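The values are calculated or read from the model by the stated rules, or taken from the named source; none is laboratory data. Given the structure is predicted, the values throughout are model-derived calculations rather than measurements. All Cβ positions, even for glycine, are placed from backbone atoms using ideal geometry, and neighbour counts span all protein chains on display. Just the protein is used for accessible areas: all its heavy atoms, side chains included, with ligands, DNA and RNA removed. Shrake-Rupley method; radii C 1.70, N 1.55, O 1.52, S 1.80 Å.
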Amino acid sequence: MIHKNKDDALINSAYLSELWAVNDLLRLKNLYPAAWSPEREVQLQDEIRHANMLLHALKSKNSIIIKDLAFSMQAKLYGMFIDLGKTKSLIEAAQVHDMTERRAVWIYRTYRRVGTDRDYKKVANDICIDEQNHFDINSDQIGQEDANSVFADSIVKIDQFLFSKYLPEKFGSIVFASEDFWNFYYDGAKA
């Protein structure tokens with residue numbers, strides 16, 4: 001395993017996933033400046049703060065830090081099925097962020113239960129609170145007819161398949177506790 005422990009591996013993955021969200025939100029801000037709302041700006045600033053919190057936590061533990069966004073969950077896991085950064089509209093992007101924010105909350109809550117590092121658990125808790133507030137921001141941009149679109153349905157099905165079937169069958173019910181999962185996840189990473 002490239003990291004000293006599974007806690008470092010998960011927090012590094014969370015850092016990269018938050019950074020992926022920052023980059024995608026910046027992409028959207030540039031593509032749709034007229035539609036950029038103060039609430040979206042709050043979300044962007046929260047994601048920047050989250051990435052910094054996670055990076056600081058990793059540095060405080062002298063952890064190995066992978067910096068390649070190819071190892072964000074959006075790229076490494078979802079990327080096996082779809083490129084989440086290639087959305088074709090602001091609504092599709094809101095659907096992606098809604099799905100990934102909900103998964104992030106699940107991951108942070110799971111880490112609070114199964115993780116072993118007290119400092120990382122505090123960071124996960126603080127971020128989890130912010131992420132839940134982002135649900136409304138994304139939902140406000142997704143109309144009822146859009147919520148049931150083929151795209152929205154597809155990414156939710158991919159997410160459910162990954163975390164309910166594919167990963168648990170391959171690495172066990174508590175995926176993040178599996179050293180084999182982290183070896184797979186960071187395969188090819190360079191520190």
Exercise. For the stretch 8-64, what are the residues that are of a type in the set (A, V, I, L, M, F, W, C), open to solvent by 70 Å² or more (accessible area, probe 1.4 Å) and in contact (Cβ under 8 Å) with a residue 60 or more places away in the chain?
Worked result: VAL42
For this session: Select the helices (runs of 4 or more DSSP H) contained entirely in the stretch 114-191, then report the ones holding at least 2 residues which are closer than 30 Å to ALA35 by Cβ and modelled with pLDDT of 90 or more.
Result: 118-141, 150-161
Exercise. Do we have any residue at all in the stretch 80-100 that's without any contact (Cβ under 8 Å) to a residue 24 or more places away in the chain, open to solvent by 30 Å² or more (accessible area, probe 1.4 Å) and touching a Lys or Arg at 6+ places or on another chain (Cβ under 9 Å)?
Worked result: no
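Kindly check whether there is at least one residue in the stretch 39-48 that is closer than 11 Å to ASN12 by Cα, part of a helix (DSSP H, G or I) and not small (Gly, Ala, Ser). If you could, list the steps in order and put the result at the bottom.
Taking the stretch 39-48 first, the residues closer than 11 Å to ASN12 by Cα are none.
No; the residues of the stretch 39-48 include none that is closer than 11 Å to ASN12 by Cα, part of a helix (DSSP H, G or I) and not small (Gly, Ala, Ser).
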